[in-house]
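Q: Dropping the structure in here first, questions after.
The values are calculated or read from the model by the stated rules, or taken from the named source; none is laboratory data. Quantities reported herein were computed from a predicted structural model and do not represent experimental measurements. We place every Cβ from the backbone using ideal geometry, glycine too, and count neighbours over all the protein chains shown. Quick note on the areas: whole protein, heavy atoms, side chains included, nothing else; ligands and nucleic acids left out. Shrake-Rupley method; radii C 1.70, N 1.55, O 1.52, S 1.80 Å.
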Amino acid sequence: MNPEDALGALGAAGGLLAGGIVMFLLIFLVMALLPVIAYWKIIAKTGNAGPIALLLLIPIVNIIVLYWVALGDWPALRQAGGVYPQPGGYPPPQMYPPPQPQQQFQPDPSRFQPPPQQMAPPAPAAGAMMFCGNCGAKAPAGSQFCTNCGGRTS
């Protein structure tokens with residue numbers, strides 16, 4: 001093998017390796033900086049200095065910083081008058097008005113009574129005579145149908 005050919009192949013492999021390292025570093029930088037930008041904004045909204053988010057790039061320190069922000073005193077709340085959420089529940093009662101009681105549902109009784117034409121006719125008095133509306137035959141008191149023709153009694 002020609003030494004010049006081996007040197008060219010080694011140069012190509014070195015270039016490929018260098019390109020891979022550069023791409024890895026770029027991807028790593030983007031993946032590391034995106035959360036730092038988000039945490040910078042979050043920490044700034046708590047009233048603390050935003051550059052504290054750069055400490056999140058240091059291992060072990062990042063866990064301490066997150067707990068410090070989560071459990072620490074927020075200057076932004078102190079400036080707002082000290083309205084801190086109550087530990088017992090959310091939302092705090094002083095931040096929102098109490099809910100208004102809802103009016104109890106009252107059904108309309110006229111909607112639940114049958115219409116007058118569907119109501120049963122009043123029962124005849126005891127001993128009253130009834131007649132068939134179809135054939136005119138006598139029917140026993142309180143019966144609805146004629147025993148002679150089967151028609152309705154009146």
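Q: Looking at the structure I just gave you, is Pro59 open to solvent by 80 Å² or more (accessible area, probe 1.4 Å), at pLDDT 85 or above and closer than 30 Å to Leu77 by Cα? Talk me through it step by step, then tell me what you get.
A: Values: open to solvent by 80 Å² or more (accessible area, probe 1.4 Å): yes; at pLDDT 85 or above: yes; closer than 30 Å to Leu77 by Cα: yes.
So Pro59 fits the description; yes.
Q: A further question on this structure: How about segment 9-51: which of its residues are assigned to a helix (DSSP H, G or I), open to solvent by 40 Å² or more (accessible area, probe 1.4 Å) and closer than 22 Å to Leu77 by Cβ?
A: Result: Ala38, Tyr39, Trp40, Lys41, Ile42, Ala44, Lys45, Pro51.
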